[in-house]
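The values are calculated or read from the model by the stated rules, or taken from the named source; none is laboratory data. Only a predicted model underlies this, so the values are computations on that prediction, with no experimental measurement involved. Positions of Cβ are backbone-derived with ideal geometry, glycine not excepted, and every protein chain shown enters the neighbour counts. The protein model used for the area step is the full one, side chains on, heavy atoms only, and it has no ligands, DNA or RNA in it. Shrake-Rupley method; radii C 1.70, N 1.55, O 1.52, S 1.80 Å.
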Amino acid sequence: MLSALVFSSNQVASALLEKTARKEGINCQIASTADEALEALSTETFNIALIDYASANIAESLKLFTAGWAFNPLMVACIFSQTEEIPQKWDAVLAGVKVFSGKEAFTEIQQALRELANHTPTVGDFGILLVEDLDSPRDIISAYIESMGFPHLTGVSGATDALRVLENSPGSYYCIITDINMPGISGIELMKAVRSDDRFRHLPIIVLTAYGTPANLINCIKAGATGFLVKPFKKKAMREELEKAKRIFTNRQSPRLCSPDEAHMLEEALHRKGLL
């Protein structure tokens, strides 16, 4: 049976979410304090964790989710608020957290629980497609990723080859990592091509770039990026992006960080995280 953790100091909210989860056939555990939530997430496997923003702010919630992901990397993470819009919610979105706020929050959570109940995540040998036009950096990045426990990796020298590989093996990859500035078809154009194709649009796309300018990253967001790594990237950052991509793929979450219209709000979050 699937399981959910709800962390809220509001007993009414906890009871409502527990009832909603059980209606979808999901076993639910309630935590009323941060310590209880941390203990549960650090020792038990949950398919989904729901944290009340009134009980933990964004930074506190991300620490709890990180503990949960260490125990179960595929856990779906959600923050909710019925009473207010959540400040700095884009910090959570960048980490792959689903955010529900306002009057429709519980309705949207119910839909998320229903989708989760109807799709049990499975882990397979899903490959990573690396697109980098320079041979030496491509070999170095490939070795770097494989050393982190992601052995099923294919490296190609450009967007044309990447699209050909996807055409020939459409079910073999769960993530694309692409450079942006490449001869011929750019990384931006590659993302647009992937997002416009029904067979591939669900794939997470991690952007690799040496030019972390606001204009460059906003263009990537609008094209459908899932995550960013500015060269030279750190191993911890690459692992976090790859694990986020696997969660998004296996749980059928949207691979887009946001809609094109919301790109300017995400830009502010990138500034706060020091990525711009």
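Taking a straight Cα-Cα cut-off under 24 Å and skipping sequence neighbours fewer than 8 places away in the same chain, the lysines within cross-link reach of residue 244 are 63, 89, 98, 192, 222, 231, 234, 235, 236, 273. Among 12, 156, 230, determine the one that fluctuates most according to a GNM of the chain built with springs between C-alpha atoms less than 10 Å apart. Its mean-square fluctuation being the largest, the pick is 12. With a cut-off of 14 Å between beta carbons, the residues surrounding residue 61 carry a summed charge of 0, where Lys and Arg count +1 and Asp and Glu -1.
Heavy-atom accessible surface of residue 258, to the nearest 10 Å², is about 10 Å², with a 1.4 Å probe and all protein chains retained. The angle between the Cα long axis of helix 159-168 and the main principal axis of the chain comes to about 70°, on a 0 to 90 degree scale.
For helix 11-23, report the angle its Cα long axis makes with the longest principal axis of the Cα atoms of the chain; keep it between 0 and 90° and round to the nearest 10°. Taking the Cα atoms of the chain, the angle to 11-23 is about 70 degrees. Which of 42, 147, 157 ends up with the largest GNM mean-square fluctuation for the chain, with Cα atoms connected below 10 Å? Greatest mean-square fluctuation among the candidates belongs to 147.
For the stretch 76-159, GluC sites (Glu not before Pro) are listed when DSSP marks them as loop and at most 15 other Cβ atoms sit within 10 Å of their Cβ; the list is 84, 85, 104. For the stretch 190-276, trypsin sites (Lys or Arg not before Pro) meeting the loop criterion (DSSP other than H, G, I, E, B) and having at most 16 other Cβ atoms within 10 Å: 199, 201, 234, 252, 273. Coupling constants for the stretch 192-204 follow from the phi torsions by the Karplus curve (6.51 cos²θ - 1.76 cosθ + 1.60, θ = phi - 60°), and in residue order they are 4, 5, 5, 5, 8, 10, 4, 6, 10, 4, 7, 6, x Hz; glycine and proline get x. Computed from Cα atoms, the angle from the helix 135-147 axis to the main principal axis of the chain rounds to 30 degrees. Quick one: grab the alpha carbon gyration tensor of the stretch 140-179, order the square roots of its eigenvalues as a ≥ b ≥ c, and give me rounded if a/c is under 1.5, else prolate or oblate depending on whether a/b is larger than b/c. Because a/c hits 1.5 or more and a/b fails to exceed b/c, the stretch 140-179 counts as oblate.
The alpha carbon gyration tensor of the stretch 1-116 gives principal lengths a ≥ b ≥ c with a/c below 1.5, which makes the shape rounded.
Heavy-atom surface analysis with a 1.4 Å probe gives the chain a carbon and sulfur content of 51 percent of its accessible area.
Considering only alpha-carbon pairs that sit under 8 angstrom and 6 or more positions apart, the relative contact order computed for the chain is 14 percent. Taking a ≥ b ≥ c as the square roots of the eigenvalues of the Cα gyration tensor, the chain is prolate, since a/c reaches 1.5 or more and a/b is larger than b/c.
Entry note: the stretch 1-65 has Rg to Rh equal to 0.94, where both radii use alpha-carbon atoms and Rh is the Kirkwood radius. Near residue 112: Cβ cut-off under 10 Å, other residues only, Lys/Arg at +1 and Asp/Glu at -1. The net charge is -1. Inter-part distance, the stretch 159-222 to the stretch 44-88, computed on C-alpha centroids, equals 29 Å.
Take every pair of alpha-carbon atoms less than 8 Å apart whose residues are at least six positions apart; their mean separation over the length of the stretch 128-255 yields a relative contact order of 23 percent. Put 226, 160 in order of accessible area, highest first, and with a 1.4 Å probe you get 160, 226.
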